[in-house]
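Please read the structure below before turning to the comments.
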Amino acid sequence: MMRVGVAVAFLGLVAGVAQADIIQFRSPTGNINCIMVSDPSGATARCDLTELTPSYTRRPAGCKFDWGRSFAVGNTGKGYLACVSDAVGGAGLAVLRYGQAVSLGGISCVSAESGMTCTNAKGHGFSVSKAKQKLF
């Protein structure tokens, strides 16, 4: 885990200058790239898919950026289709092996052969794979 004191800007939100814990990882196939951020205002997990058969085909209301490949959940509330102007990824992301999990700020992400699932303490979140994506 990395602790940084920078403006945290992802998911189209700017949390301001604050101490933030950030974890970045990818699936073993490299098709799913994820980031988890926790700062004083809360926590969020987001996963982007490189290749997918889209399960969601309706643009989120008010979205003027990219959508359909990015899924997110906060430490409260339901999972959602993220509207983003950036991408999670890059060389050297740690691999979250099948069967492993990582947690930060009340959100847990689990890697499985069937895809990646991120869930908050209320049981809301998302499951994503190349074949299917689900918000709950």
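The values are calculated or read from the model by the stated rules, or taken from the named source; none is laboratory data. All values derive from a computational prediction rather than experimental measurement. With ideal geometry, Cβ positions are generated from the backbone for all residues, glycine too; neighbour counts draw on all protein chains shown. In case anyone asks, the SASA skips ligands and DNA or RNA and just uses the protein heavy atoms, side chains included. Shrake-Rupley method; radii C 1.70, N 1.55, O 1.52, S 1.80 Å.
Worth a mention:
- Residue in region 51-62 that is in a loop (DSSP other than H, G, I, E, B), modelled with pLDDT under 95, open to solvent by less than 50 Å² (accessible area, probe 1.4 Å) and touching a Ser or Thr at 6+ places or on another chain (Cβ under 9 Å) present: no
- Criterion: touching a Leu at 6+ places or on another chain (Cβ under 6 Å), within 20 Å of residue 133 (Cα to Cα), at pLDDT 95 or above and among the basic types (Lys, Arg) - qualifying residue of 69, 97: 69
- Total residues in region 103-136, condition open to solvent by 30 Å² or more (accessible area, probe 1.4 Å) and not charged (D, E, K, R): 16
- Positions within region 81-95 being within 17 Å of residue 127 (Cβ to Cβ) and assigned to a strand (DSSP E or B), in sequence order: 81
- Condition met for residue 20 (farther than 20 Å from residue 127 by Cβ, open to solvent by 30 Å² or more (accessible area, probe 1.4 Å), out of contact with any helix residue (DSSP H, G or I) (no Cβ under 6 Å at 6 or more places or on another chain) and aliphatic (A, V, I, L, M)): no
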